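These notes are about the structure you will find just below.
The values are calculated or read from the model by the stated rules, or taken from the named source; none is laboratory data. Everything quoted here is computed from the prediction, not taken from an experiment. When we count neighbours, we look across all protein chains shown, and the Cβ atoms used for this are built from the backbone with ideal geometry, even at glycine.
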Amino acid sequence: MKLILLATICLLVVSLTSCSQKRKDFDTAKTAVAQELRSPSSARFCSIDQAEFSTRNSGRMVKLWVDNRNLAGVLVRTHFEVTIDPKSGLVKAATCLECAADDEKQKLNEAMAELQGLTSPTKASASPAPQ
């Protein structure tokens, strides 16, 4: 009986510690993201239950979204991934996921344009040389 009670207490302590750590990480992530927004006063963040928590490469990760007004005043939902150092509890990185995707699309478009501008060696040698 004492063993069951002890196991229950240990489970409860671990559960409460985990919940409080999630809350701290969520609040830290929200603060970091708010600093990146154009209009933080209009920001509406997802709930802690809607955020995703994971551990990767010795860092705690929080993925969350925020609804915020852009420069045109339009409400836009943006997703962020925030990396928190487990030892210090400080933010190591905060990445706008849509922004990163847009950057990659831009790089891909630039690379495609550059490739299209190049002449294929087989096409160049197949065409008759000007005389």
Legend entry - Lys63 under 21 Å from Asp102 (Cα atoms) and at pLDDT 95 or above: yes
Inset, instruction - Filter the range 37-46 down to residues that are of a type in the set (A, V, I, L, M, F, W, C) and outside any strand (DSSP E or B) and give me whichever is modelled with the highest pLDDT. - result: Cys46
Legend entry - Residue that is surrounded by the fewest Cβ atoms within 10 Å (Cβ to Cβ) [pool: residues in the range 52-63 that are out of contact with any Leu (no Cβ under 9 Å at 6 or more places or on another chain) and charged (D, E, K, R)]: Arg56
Inset, instruction - Kindly establish whether Asp49 is out of contact with any strand residue (DSSP E or B) (no Cβ under 9 Å at 6 or more places or on another chain), in a helix (DSSP H, G or I), at pLDDT 80 or above and loosely packed, with under 15 Cβ neighbours inside 10 Å. - result: no
Legend entry - Of all residues making up the range 76-131, the number that are among the aliphatic types (A, V, I, L, M) and modelled with pLDDT of 90 or more: 8
Inset, instruction - Among the residues of the range 64-89, write down those that are free of Cβ contacts under 8 Å to residues at least 60 places away in the same chain, farther than 15 Å from Cys46 by Cβ and either over 11 Å from the mean Cα position of the chain (by Cα) or exposed (fewer than 13 other Cβ atoms within 10 Å of the Cβ) (or both). - result: Arg69, Asn70, Leu71, Ala72, Gly73, Val74, Ile84, Asp85, Pro86, Lys87, Ser88
